There are 2 protein chains.
Amino acid sequence: MNSTTDPTLRSFLDVAPDSPFPIQNLPYGVFRRDEDETGTLGVAIGDYVLDLKVVDDFGGFDTPALRDTDAFQRRTLNDFMALGKTAWDEARACVQRLLRADEPFLRDHPQLREMALVRQSQVEMLLPAAIGDYTDFYSSKEHATNVGVMLRGPDNALQPNWLHLPVAYHGRSSSVVVSGTDVRRPCGQTRADNAEAPTFGPSRSLDFELEMGCFVGPGNPLGVPIPVSRAADHLFGMVLVNDWSARDVQRWEYVPLGPFLAKNFATSISPWVVPFAALESFRCAGPAQQPPPLPYLRTAGDQAFDIQLEVFLETAAGDRHRISRSNFKFLYWNVCQQLAHHASNGCNLRPGDLLATGTISGPTPDSYGSLLELAWKGTKPLTLGKEKRVFLEDGDRLTLTGWCQGSGYRVGFGEVTGRILPAEA
Amino acid sequence: MNSTTDPTLRSFLDVAPDSPFPIQNLPYGVFRRDEDETGTLGVAIGDYVLDLKVVDDFGGFDTPALRDTDAFQRRTLNDFMALGKTAWDEARACVQRLLRADEPFLRDHPQLREMALVRQSQVEMLLPAAIGDYTDFYSSKEHATNVGVMLRGPDNALQPNWLHLPVAYHGRSSSVVVSGTDVRRPCGQTRADNAEAPTFGPSRSLDFELEMGCFVGPGNPLGVPIPVSRAADHLFGMVLVNDWSARDVQRWEYVPLGPFLAKNFATSISPWVVPFAALESFRCAGPAQQPPPLPYLRTAGDQAFDIQLEVFLETAAGDRHRISRSNFKFLYWNVCQQLAHHASNGCNLRPGDLLATGTISGPTPDSYGSLLELAWKGTKPLTLGKEKRVFLEDGDRLTLTGWCQGSGYRVGFGEVTGRILPAEA
C-alpha cells in the first residue's frame, strides 16, 4: 500500500501528486484572509490552508503538551516554535489525523470545513515569525571555492578557517521579507576597478543567492552553549531563502567587517516552514568532512537532506528560464553544526531566529546558486531566449523552488519569488 | 544667574554638581521596583527615578502630541521612540516643569511624590528598548588606524574604503545586555600563530571596546532611504556601549565575512538613554573630513558632541584604575552620516534599533578605547598597581563612564559596567 491508497497516508482533500503540500508535509505558516487582519497560524494542505486558530478553538489540540498553550492564538509562529519537539510532534499528529481520508471529524462537517479551510489563492501569506536575529552562514564549499577562485585564484580559493568552522555573519532581520515582495534595486557606494574615487548610484550587479534557512525552536540562555548532540532539538523547520546581493556594493564595502549594505536591502523567504519531522524520510549523507571537525562540531549519522532546488528567472518580457538546479545535500556544514557553532560561545539563540545556509552551489556549473557564479563574474553571460544576463535587470522575477521527492508525493517548500523594481529616481 | 540659582534650571530635588542626572539631562530608561514587574518607563533625576507611568496616569502628558499615546504605559521605550521629535520635545518640557524648583505640583504633594519618585538604589534597570537590529560602526579613524597598523603596518593602515564611507557590520541584538550583567568568558575556536590546526577553548584575549550608541526614533519603510539632512529627526538619544570582543576568536574567524562569535557573546549598554535635546549645548566640531564625503553623506555645521569618556578597570582584588580617557568628538563619521549611510540602500530602520559608533580612540595612547590598543597587541602591558594586563582576566570589572561638562552641572550617561566570569568548565 502506498500513499495514494492508504487512507492514513492521504487527505480527504484532493492533493495533486506534484503538489508541494501533501499530508506528508504539513508546513506551518502565517496567513490573513484580508488586509485588516494581523495574521493567523495555518498549515498548508494541497491548495488549502488549515486555520490552526479554528482547530484550537474547537479543541483540536487537546494533548498533554498543547492543552494549556495559547501558541495557536498568536500572530506569529514564535511561541509555537518555543514549545519544542514534544509539542511539535503532538501538533503534527493532531493535524495529520484531522486531515486524513479516514477521519470524519472535519471531512464530514461542511460548516467546520468552511471555517477551518481556506483556499491558498484567497489568502495573503505573511512572515512566519518575528525574526529576532538573522544569521547567514557560508556553508557550501563549492560556493566558497568559486568566490575564492574569482577573487584570489585557484591556489588560495578557500580561506584557512573555512574547513574548520562554519563561517557566518549577522544579517539584517528588519529587511527579511516574505515571498512575493518586490525588491527595489538598491543604490550604493561603489568604486570601479581603475577609478580614483567611489561614486553613489544604483547597483549594477544585483544578484540572487539560492539558500535555505532554519528557524530556531527553543532557545538557550546567554552564556550557555548548545552541544552539537542536542542541536536538533533546537531546530524547528526550514524555508527557502533568497539573499539578494549587490555585488558591486559588496566588493567596495566589505573589508574588513563583512557585507552590510550589499545585503540588508532585502532578504526574501518562502512563507511555509517545513518541519524537520517532514524531512526525516529524506535524510542522507552530506559531504565527507576532512579534516575532521573539532569535537564540539562532530556529528554522527546522516545529517544532510535530499532537497532538490531550482532557480527560475523570468524576464520582464515574460520568458521564464530555469537557470540552476542544485541540492541542499551539497552543503558541507550541516544545520546541527551551524547551530552548535553559533551557540558555542554562549550566544543566546531565540525562538524564531533564522539561520540561513549561505549560497548552495553544487559541483557543476549548472548547479551554481548565484549569477556571480553562473555567469562567472560576468565573463559567461547566460542566454535567456533573445536576452542575455550577467546580473539581474529591472523587471526580472527570480524564483526559487525546492522539494523532496517521495514515492508518489512531494514534500515541497513552495517557492520564494521577487521582482526587481528600478532604483529610486 | 546660573543653574544653581535659577529655579527654572534646577530641581526641587537635591542634585549634586557631579551627578550625571540634573534637570538639564533627564534621560529615559526602563526600571522595575521588584523582580515580578516587567518594566516601567522612567526618567533619572539626581538619585531618583521619576515614574512616567504614574505621571501619565495623573494626566501629566496632556499635550497635543502626547494626549492620545499609550507609549508611557509600555514596558520599553520603543513606542515613545517612534513618536518623533515633537512628542519628545513636549514630554521633555512636561517632565522638566514637573521637577522644577518653582513648580509646586509634585514638590508639594508628598503622596504623589511617594508614588512618582523612587530611589535609583531601590530599582533594577532593564534594557531601555527591545532592540530589533543592532549595528556596529567603525567610525574612529584613530582606532581603525591603530588596528590597521598592527595588522598591516603603517603604510596600509586604513583600508581604501574607510575615508569614503562609515564602515559597519550587523551585530547581535539578542546578546545586548544592560549594565551590571556579568559577562562569561567565551569559548571559541582559535589558531595560534604557528599552529597547524585550530583548537577550541576559553578565549585568551578578552577585550572591551569603548563605544557609544544611538537609539533610532521613527523608522523608514523598506526601500525608502533617509536623506542625511533628515537624519537627526530619526535619532532619539545615546547610551554608552561596551562591545566586548574576543580578539583571538576574531582573528581566526573574521575573514571574509567579519566578526561573529568574537562579539556576539555579549554587548553591554548603559541603562539611561540621554536624549539629543540634552546634548545640544555640547555640540562641537568633529574632525575635518578629507576627502569630502559624497553628497549623500555631506553634513553642515557642528555634528560632534563634547562627551568626555573614561574607562576603569577594577581587578578581582578590588583595585580600580582609570585606564583610558577619550572623547566622543574624536569620531570621524558623525551619527547623522552613520544613519543616512545605513538607510541609503533602502534598508529599513525601526524604532529602538541601536547604532553603535565603534571603538572611540583618541589621538594619544592614553585615549585608546580597547586593551588591544592600550597594551599595543600585548607588547606594552598596562601596570595596575601590582598587576599587569594585556587583556581582561577573570574577575576583572570594566566600567565606562561619560558626561558633558556644563557650567555647574553635568549631563552624564552614568555608567556601563560588567565583570568577567570564568569560562564554563
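The values are calculated or read from the model by the stated rules, or taken from the named source; none is laboratory data. Worth saying up front: this structure is predicted, and the values here are computed from it rather than measured. Here the Cβ is made from the backbone with ideal geometry for all residues, glycine too, and neighbour counts use every protein chain on show. Areas reflect the complete protein model, heavy atoms only, side chains present, ligands, DNA and RNA absent. Shrake-Rupley method; radii C 1.70, N 1.55, O 1.52, S 1.80 Å.
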**OP:** Please go through segment A:9-28 and pick out each residue that is over 19 Å from A:Met238 (Cα atoms) and polar (S, T, N, Q).
**Re:** A:Ser11
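Results for (1) in a strand (DSSP E or B); (2) more than 19 Å from B:Phe236 (Cβ to Cβ), shown as yes or no for each residue.
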| residue | (1), (2) |
| --- | --- |
| B:Val30 | yes, no |
| B:Ala44 | yes, no |
| B:Asp56 | no, no |
| B:Ala91 | no, no |
| B:Arg97 | no, yes |
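Residues checked against (1) more than 14 Å from every other protein chain (Cβ to nearest Cβ); (2) farther than 25 Å from A:Pro128 by Cβ:
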position	(1), (2)
A:Ala278	yes, no
A:Arg283	yes, no
A:Gly286	yes, yes
A:Pro291	no, yes
A:Asp302	yes, yes
Subject >> Residue selected from segment B:100-133 under the condition touching a residue at least 60 places away in the same chain (Cβ under 8 Å) and in contact with a helix residue (DSSP H, G or I) (Cβ under 7 Å, 6 or more places away or on another chain), by the criterion nearest to the other protein chains (Cβ to nearest Cβ) >> reply: B:Ala130
Subject >> Selected residue (criterion: nearest to the other protein chains (Cβ to nearest Cβ)) from residues of segment B:156-181 that are under 22 Å from B:Leu354 (Cβ atoms) and open to solvent by 40 Å² or more (accessible area, probe 1.4 Å) >> reply: B:Thr181
**OP:** Pick out the one residue from B:Arg184, B:Arg204, B:Arg191 that is at the interface with another protein chain (Cβ under 7 Å from one of its Cβ atoms) and of a type in the set (D, E, K, R).
**Re:** B:Arg184
Original post:
Across segment A:72-87, what is the number of residues that are in a loop (DSSP other than H, G, I, E, B) and open to solvent by 30 Å² or more (accessible area, probe 1.4 Å)?
Top reply: 3
Original post:
In this structure, is A:Thr145 in contact with a Pro (Cβ under 9 Å, 6 or more places away or on another chain), more than 29 Å from A:Val178 (Cβ to Cβ) and open to solvent by less than 80 Å² (accessible area, probe 1.4 Å)?
Top reply: yes
**OP:** Quick one: count up the residues across segment A:232-276 that are among the aromatic types (Phe, Trp, Tyr), away from chain B (no Cβ under 14 Å) and surrounded by fewer than 24 Cβ atoms within 10 Å (Cβ to Cβ).
**Re:** 1
Original post:
Among B:Glu124, B:Glu90, B:Glu114, which is the only one that is charged (D, E, K, R) and open to solvent by less than 50 Å² (accessible area, probe 1.4 Å)?
Top reply: B:Glu90
Original post:
Just checking, which of A:Leu331, A:Leu313 is under 25 Å from A:Leu127 (Cβ atoms), at pLDDT 95 or above, among the hydrophobic types (A, V, I, L, M, F, W, C) and in contact with a Ser or Thr (Cβ under 7 Å, 6 or more places away or on another chain)?
Top reply: A:Leu331
Original post:
Considering segment A:58-71 alone, what residues qualify as being assigned to a loop (DSSP other than H, G, I, E, B) and not charged (D, E, K, R)?
Top reply: A:Phe58, A:Gly59, A:Gly60, A:Phe61, A:Thr63, A:Pro64, A:Ala65, A:Leu66, A:Thr69
Subject >> Within segment B:211-227, tally of residues that are open to solvent by less than 20 Å² (accessible area, probe 1.4 Å) and either closer than 30 Å to B:Ser367 by Cβ or among the β-branched types (Val, Ile, Thr) (or both) >> reply: 7
**OP:** With the condition kept exactly as written, say whether any residue in segment B:134-142 is under 30 Å from B:Leu163 (Cβ atoms), away from chain A (no Cβ under 14 Å), under 27 Å from the mean Cα position of the chain (by Cα) and not acidic (Asp, Glu).
**Re:** yes
Original post:
How do the pairs read when you match residues in segment B:331-349 that are over 25 Å from A:Pro422 (Cβ atoms) with residues anywhere that are among the aromatic types (Phe, Trp, Tyr), using Cβ under 6 Å and keeping only pairs 6 or more apart or on different chains?
Top reply: B:Gln338/B:Phe137
Original post:
Within the bounds of segment A:189-210, is there any residue that is open to solvent by less than 10 Å² (accessible area, probe 1.4 Å), aromatic (Phe, Trp, Tyr) and outside any loop (DSSP other than H, G, I, E, B)?
Top reply: no
Subject >> Selected residue (criterion: farthest from the other protein chains (Cβ to nearest Cβ)) from residues of segment B:345-370 that are of a type in the set (Ser, Thr, Tyr) and surrounded by fewer than 24 Cβ atoms within 10 Å (Cβ to Cβ) >> reply: B:Thr364
Original post:
Of all residues in segment A:305-330, how many are assigned to a loop (DSSP other than H, G, I, E, B) and either within 14 Å of chain B (Cβ to nearest Cβ) or small (Gly, Ala, Ser) (or both)?
Top reply: 3
Original post:
Before we move on, is A:Leu151 in contact with a Pro (Cβ under 7 Å, 6 or more places away or on another chain), open to solvent by 30 Å² or more (accessible area, probe 1.4 Å) and not β-branched (Val, Ile, Thr)?
Top reply: no
Original post:
Can you find a residue in segment B:2-12 that is farther than 21 Å from B:Ile307 by Cβ, in a strand (DSSP E or B) and over 25 Å from the mean Cα position of the chain (by Cα)?
Top reply: yes
Original post:
Hey, any hits in segment B:169-189 for a residue that's charged (D, E, K, R) and under 16 Å from the mean Cα position of the chain (by Cα)?
Top reply: yes
**OP:** Considering only residues that are assigned to a helix (DSSP H, G or I) and among the hydrophobic types (A, V, I, L, M, F, W, C), look in segment A:331-354 and name the one that is nearest to the chain's Cα centre (by Cα).
**Re:** A:Val335
**OP:** Take the residues in segment A:222-263 that are part of a helix (DSSP H, G or I), closer than 30 Å to A:Gly418 by Cα and touching a residue at least 40 places away in the same chain (Cβ under 8 Å), then tell me which one is farthest from the chain's Cα centre (by Cα).
**Re:** A:Trp252
Subject >> Residue in segment A:108-121 that is basic (Lys, Arg) and more than 22 Å from A:Cys214 (Cα to Cα) present >> reply: yes
